[in-house]
1. Relative contact order for the chain: what percent, with Cα pairs under 8 Å and sequence separation of 6 or more?
2. For a test of the definition: using alpha carbon positions, the gyration tensor, and the 1.5 limit on a/c, classify the chain as rounded, prolate or oblate.
3. Non-local amide H neighbours of Asn294 (under 5 Å, H modeled in plane, Pro and chain starts lacking H): which ones?
4. Under the rule a/c < 1.5 gives rounded, and otherwise a/b versus b/c splits prolate from oblate, where does the stretch 92-225 land using the Cα gyration tensor?
5. Could you state the number of Å between the C-alpha centres of the stretch 191-244 and the stretch 306-377?
6. Calculate the FRET efficiency for Arg361 and Glu308 from the Cβ-Cβ distance with a Förster distance of 22 Å, rounded to the nearest 0.05.
7. Taking 0.36 nm per residue of separation and subtracting the Cα-Cα distance, what length does fully extending Asp138 through Asp300 add?
8. Could you list Ser189, Ser46, Ser447, Ser327 in order of exposure, starting from the residue whose Cβ has the fewest other Cβ atoms within 10 Å?
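Just so it is clear, none of the values below were taken in a lab; they were calculated from the coordinates. Please read all numbers here as calculations on a predicted model, not as lab measurements. Because the Cβ atoms are built from the backbone with ideal geometry, glycine has one as well, and the counts that use them run over all protein chains shown.
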Amino acid sequence: RRLALKRPDLLRDGAYIGGRWLAPEGDLVAVSNPATGRTLGHVRRSGREDARAAVDAAAGAFPAWRKRTAKERAAILRRWFDLMTAHANDLARLLTAEQGKPLAEAKGEIAYAASFLEWFGEEAKRIYGETIPAHRADARILVTRQPVGVVAAITPWNFPTAMITRKVGAALAAGCTVVLKPSELTPLSALALAVLAEEAGVPAGVLNILCGDAPAIGDTWLADGRVRKLTFTGSTAVGKRLTAAAAGTMKRVSMELGGNAPFIVFDDADLDAAVEGALLAKFRNTGQTCVCANRLLVQDGIHDAFAERLATRTAALVVGDGLAGPSDQGPLINGGALAKVESHVEDALAQGAILMTGGRRVDRTGNFFAPTVLTGLTPAMKIATEETFGPVAALQRFTHEDEAMVLANQTAAGLAAYAYTRDLARFWRVSEALEYGMVGINTGSISTEVAPFGGFKESGLGREGSHHGIEEYLDLKYVCVGAI
Ligand code: ADP
């Protein structure tokens, strides 16, 4: 049964290279719906040859694309934004079908994804240079910003659309051309974007999208000196390997890697607001976001009331197939993800954690795990040190603010952290002490195209979104003019 779409042509199975669709042949990538286990379709499995052809196309398209005026590039990005908005329902249905998130969340992702095209189109017009008072009377110093060239982008399955536009919007706005490999688990959303990009007027070769043999494609791009930049979102382990490989041709890199977010609730917090924030920060996308709260650190005085209320609200979350009706929680992406969540819960319970709600698989087809709340988390448990990436809220009790800061920073990850407090001095102390690239105070929702997204420590390098995001795709050039 094919997915019903108003624009059935958004459902593609090829590789989009140099403005042409290469048909699937031979070995294919099977795409399945994690809520039902059913196969949605098969997509061309690209390897080294396609990867090289994509770089040929991107390198060929670069000189003309960079010469376009910023206004022309912005107009194309704006049209792409408008098309995404016009076809948001179809894009959201495709997204839910291959990724599993509830349809309302998928619509949210499409709007968020489109916002990067609008934002960076506008930023394209503000790629300013500067003049610097010179070191000699007869000299003048100019600084300009130029596009780095061909960009390779590798994206994950948890935000199949937004992780693409956050990179491609900035790259195209800067005047770069792109070769992109989405996750093999969610290629359909990526290919649908290519259809709309072409319709918006993105010229052939400026954006190329293929999926398949990830290491073969990645190696080909990393070894190719024409690719001047690698931008990656995914696991820390793969990010480190790719960063090391990028050194071979000294490519610039942006890495958005794993998190292990603490969510800290102080005694002086607004209890209701903290519970609502925790639900958002923990259970969005069924716990499968890199900024999801992984450890809930709760102060003594508020701990029990917070745990009770969070457990009650969590138990009421509706688990289901996002396309079948309203739901709050979708399935996990695959069997491996489900097994990991299960093992984290088992490990915590074996080490003395107390189960407040959930704690088991849901008895139905698909990769569903019941939304879970645990108390009694200790630093020895897997949940404390590894990214669970699932619907498990694990609470750890603390007494003093200093203790909370030590616990919060006890990880090599440094992406996002959250804290709830109504004390102004504490707000300053805590937001300065947290070793994280992003801090949410009295909010569980921090992602927006206008702010810089990225991590400290092993959570990555560089920033995406905001006016800082475009810098990742620009090289500074200093021109010294003498003999004046
Ligand atoms: P996740 O846990 O989110 O699946 P991964 O790091 O495995 O994280 O995947 C993120 C992206 O990296 C996906 O597009 C995946 O196909 C890609 N990827 C994984 N391994 C490699 C590799 N060796 N070379 C290039 N890309 C890779």
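1. Reported relative contact order: 18 percent.
2. oblate
3. Those lying under 5 Å, H to H, from Asn294 are Ala261, Phe263.
4. It is prolate, given that a/c is not under 1.5 and a/b is the larger ratio.
5. Cα centroid to Cα centroid, the span is 34 Å.
6. The value I calculate is 0.35.
7. Computed gain between Asp138 and Asp300 is 51.5 nm.
8. Ordered from fewest to most neighbouring Cβ atoms within 10 Å, Ser189, Ser46, Ser447, Ser327 come out as Ser447, Ser327, Ser46, Ser189.
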